[in-house]
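Report on the structure given below.
The values are calculated or read from the model by the stated rules, or taken from the named source; none is laboratory data. Keep in mind it's a predicted model, so treat the numbers as computed, not measured. So basically every Cβ, Gly included, is an ideal-geometry build from the backbone, and we count neighbours across all protein chains shown.
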Amino acid sequence: MQELTHYINGEHVKGTSGRFADVFNPATGEVQGRVPLADASEMDKAVAAAAAAQPAWAAVNPQRRARVMMAFVGLLNRDMDKLAEALSREHGKTLPDAAGDVQRGLEVVEYCIGAPELLKGDFTDSAGPGIDMYSMKQALGVCAGITPFNFPAMIPMWMFAPAIVCGNAFILKPSERDPSVPLMLAELLEEAGLPKGIIQVVNGDKGAVDAILDHPVIQSVGFVGSTPIAEYIYGRGCANGKRVQCFGGAKNHMIIMPDADLDQAADALIGAGYGAAGERCMAISVALPVGEETADRLMDKLIPRVEALKVGPYTSGNDVDYGPVVTAAAKENILKLVESGVEQGANLRVDGRGFSLQGYEDGFFVGPHLFDNVTPDMDIYKKEIFGPVLSTIRTGSYEEALGLAMSHEYGNGIALYTRDGDTARDFAHRINVGMIGINVPIPVPLAYHTFGGWKKSAFGDLNQHGPDAFKFYTRTKTITSRWPSGIKDGGEFNFKPME
């Protein structure tokens, strides 16, 4: 059994709290490792090391900090297969999906190479008589991130890459369910030239989270997870004077208009609804076909596609569409919600409840499910299932479909499938959701835009990655200067290269 560690001040450190969590192989249900759960004293040591290292790192010019990110990109590409295999082994997602997890994080690191440009301030010449005014963006100090199990490579990189390139030190508290990849990323950062102490990985549960939220040295906290925990972290962190951004749950819809290419829409729903076993905050979990004829035609195309989905372990390579969910508890919760849908009157057109994989009977596999005739009062519509379950609500008009999506408490992502430009333009302007796809199934913005939902899907003023990240991880200082008349001669005009 693998004994995992924390990563503090450039070294792998064994836990001292005496508390551990099991790390499972989701395909077999077996315990394959133990991860230590930090207490407040262990968090104190990590923060102290980060605080000691950060001022010197902030004094390094942005160009040299960006060069560390450049080297890190090269190492991520070098170790892509190794990272993907470790991720799949603990999370359960297929190898191509795991490599995509790393790749989407790598793209944010690539964007951070532009730090010299992104960190430039403003200057106003002669704001008053003999007065110049300028601003500078400076690091916060020690920042922290609390990241989820479903993207153990991508989301940590979304947080620590911009934080570090801005001159901060970073404390990462990853999910205790799949902690190996975050530890590997910390090692690669230091191989890329990052000084010891700038990245710390402290494993833990609620005790470690509270230690982050209450620590007076930590200046900012980022979080991705469920909405109840996002609300807790946002409230406690803000009460302690920290800058906080939290991203919570989702219930992402896809509106399918009568003029849509239904083969394209059905294929998009399969990938967006069942990929990664539905364990994505941007998964499409609700289809909203407009009109009975559209709904009937869509269902005729979806049912055989869903029934043909291949479920299996990541070791099967490209022969499977998705793998197991992350824990036995997650599987139990998904199947409980499926039962509630049946009991509340939804039509279960594809029933995955009896799914079992020969040789992997103890694994956390969940068969694909497809519901029709779902209504907005049902639990499978109101709650985030986070599993391979697609619900279909038949709507009578575009306005009804739009109203359903707009009235839901979550507002992470939404998609529209149509051939009509007027409908698409109206949809983009009116919908109260943060990320919009028009004939695009999973509208996750690229690294140079920002990622963020609305309503109960997000808490805080700024989104993740893109330009917002550089605002979140810096403070702006504005200087007004006036110099009295002095000696203008005798200055040194030799050009000196930057050290």
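Quick test for you: out of Asp379, Asp468, Asp426, pick the one residue that is closer than 25 Å to Phe160 by Cβ and of a type outside the set (Ser, Thr, Tyr).
Asp468
Does the stretch 325-355 hold any residues that are under 16 Å from Gly92 (Cβ atoms) and surrounded by fewer than 18 Cβ atoms within 10 Å (Cβ to Cβ), and which are they?
Thr327, Ala328, Ala329, Glu332, Asn333, Phe355 - these are the residues of the stretch 325-355 that are under 16 Å from Gly92 (Cβ atoms) and surrounded by fewer than 18 Cβ atoms within 10 Å (Cβ to Cβ).
Go through the stretch 125-164 residue by residue and tally those that are touching a Ser or Thr at 6+ places or on another chain (Cβ under 9 Å) and free of Cβ contacts under 8 Å to residues at least 12 places away in the same chain.
Residues that pass the stated criteria total 0.
Considering only residues that are crowded, with 20+ Cβ neighbours inside 10 Å and touching an Asp or Glu at 6+ places or on another chain (Cβ under 9 Å), which ones fall in the stretch 303-312?
Step one: filter the stretch 303-312 for residues crowded, with 20+ Cβ neighbours inside 10 Å, giving 306, 311-312.
Correct list: Val311, Gly312.
What are the pairs, 6+ residues apart or on separate chains, where a residue within the stretch 87-115 that is in the same structural domain as Gly167 (by TED's automatic domain parsing) has its Cβ under 6 Å from a residue that is of a type in the set (Ser, Thr, Tyr) and modelled with pLDDT of 95 or more?
Glu90/Ser180; Leu95/Ser88; Ala98/Ser88
Assuming Ile414 fulfils every condition listed in (1) surrounded by 22 or more Cβ atoms within 10 Å (Cβ to Cβ); (2) over 24 Å from Val444 (Cβ atoms) apart from one, which condition is it?
Every listed condition holds for Ile414 apart from (2).
Which pairs do you get when a residue that is in contact (Cβ under 8 Å) with a residue 40 or more places away in the chain, found in the stretch 213-233, comes within reach of a residue that is in a strand (DSSP E or B) and charged (D, E, K, R), reach meaning Cβ atoms under 8 angstrom, with the pair 6+ apart or on two chains?
So the pair list comes out as Gln219/Arg243; Ser220/Arg243; Val221/Arg243.
Here is a check on your reading of the model: is Ile199 within 19 Å of Leu140 (Cα to Cα) and either among the basic types (Lys, Arg) or within 19 Å of the chain's Cα centre (by Cα) (or both)? Don't jump to the end; show me each part of the working.
On the way: within 19 Å of Leu140 (Cα to Cα): yes; either among the basic types (Lys, Arg) or within 19 Å of the chain's Cα centre (by Cα) (or both): yes.
So Ile199 passes the test.
When the stretch 164-181 is examined, which residues are found to be closer than 17 Å to Met69 by Cβ and either in a loop (DSSP other than H, G, I, E, B) or not aliphatic (A, V, I, L, M) (or both)?
Cys166, Gly167, Asn168, Phe170
Considering every residue within the stretch 49-62, establish whether at least one is assigned by TED's automatic domain parsing to the domain that holds Glu117 and either charged (D, E, K, R) or in a loop (DSSP other than H, G, I, E, B) (or both). Explain how you work it out, then say what you get.
Residues of the stretch 49-62 assigned by TED's automatic domain parsing to the domain that holds Glu117: 49-62.
Still in the list and also either charged (D, E, K, R) or in a loop (DSSP other than H, G, I, E, B) (or both): 60-61.
Checking the stretch 49-62: at least one residue is assigned by TED's automatic domain parsing to the domain that holds Glu117 and either charged (D, E, K, R) or in a loop (DSSP other than H, G, I, E, B) (or both).
Restricted to the stretch 281-310, and to residues that are small (Gly, Ala, Ser) and part of a strand (DSSP E or B), which residue is nearest to Gly396 (Cα to Cα)?
Looking at the filtered set, the residue picked out is Ala287.
When Thr315 is evaluated against the numbered criteria (1) modelled with pLDDT of 95 or more; (2) surrounded by fewer than 20 Cβ atoms within 10 Å (Cβ to Cβ), which criterion, by number, is the only one it fails?
Only one criterion in (1) modelled with pLDDT of 95 or more; (2) surrounded by fewer than 20 Cβ atoms within 10 Å (Cβ to Cβ) is unmet by Thr315, namely (1).
Restricting attention to the stretch 328-355, and to residues there that are in a helix (DSSP H, G or I) and small (Gly, Ala, Ser), which single residue is nearest to Arg394 (Cα to Cα)?
Ranking the qualifying residues of the stretch 328-355, first place goes to Gly341.
Could you please find all residues in the stretch 434-481 being polar (S, T, N, Q) and surrounded by 15 or more Cβ atoms within 10 Å (Cβ to Cβ)?
Within the stretch 434-481, Asn439, Thr450, Ser457, Asn463, Gln464, Thr474 meet the criteria.
Can you tell me which residue within the stretch 94-113, out of those that are touching a helix residue (DSSP H, G or I) at 6+ places or on another chain (Cβ under 7 Å) and of a type in the set (Gly, Ala, Ser), is nearest to Ala277 (Cα to Cα)?
Result: Ala98.
Against the definition (crowded, with 22+ Cβ neighbours inside 10 Å and either under 21 Å from the mean Cα position of the chain (by Cα) or of a type in the set (Lys, Arg) (or both)), how does Ala250 come out, yes or no? Show your work before the answer.
Numbers: crowded, with 22+ Cβ neighbours inside 10 Å: yes; either under 21 Å from the mean Cα position of the chain (by Cα) or of a type in the set (Lys, Arg) (or both): yes.
When the stated conditions are applied, Ala250 passes them.
Out of the helices (runs of 4 or more DSSP H) lying entirely within the stretch 68-142, which hold 3 or more residues that are under 14 Å from Met184 (Cβ atoms) and of a type in the set (A, V, I, L, M, F, W, C)?
In the stretch 68-142, the matching helices (runs of 4 or more DSSP H) lie at 80-91, 95-112.
For Arg243, are the conditions met, namely being of a type in the set (D, E, K, R), surrounded by fewer than 24 Cβ atoms within 10 Å (Cβ to Cβ), in the same structural domain as Ala56 (by TED's automatic domain parsing) and on the phi < 0 side of the Ramachandran plot?
So Arg243 passes the test.
Residues being farther than 24 Å from Ala266 by Cα and either part of a helix (DSSP H, G or I) or free of Cβ contacts under 8 Å to residues at least 60 places away in the same chain (or both): count how many of those fall in the stretch 417-460.
The qualifying residues number 7.
Quick one: Ala186 ticks every box in (1) in a helix (DSSP H, G or I); (2) in contact with an Asp or Glu (Cβ under 9 Å, 6 or more places away or on another chain) bar one, so which box is it?
(2)
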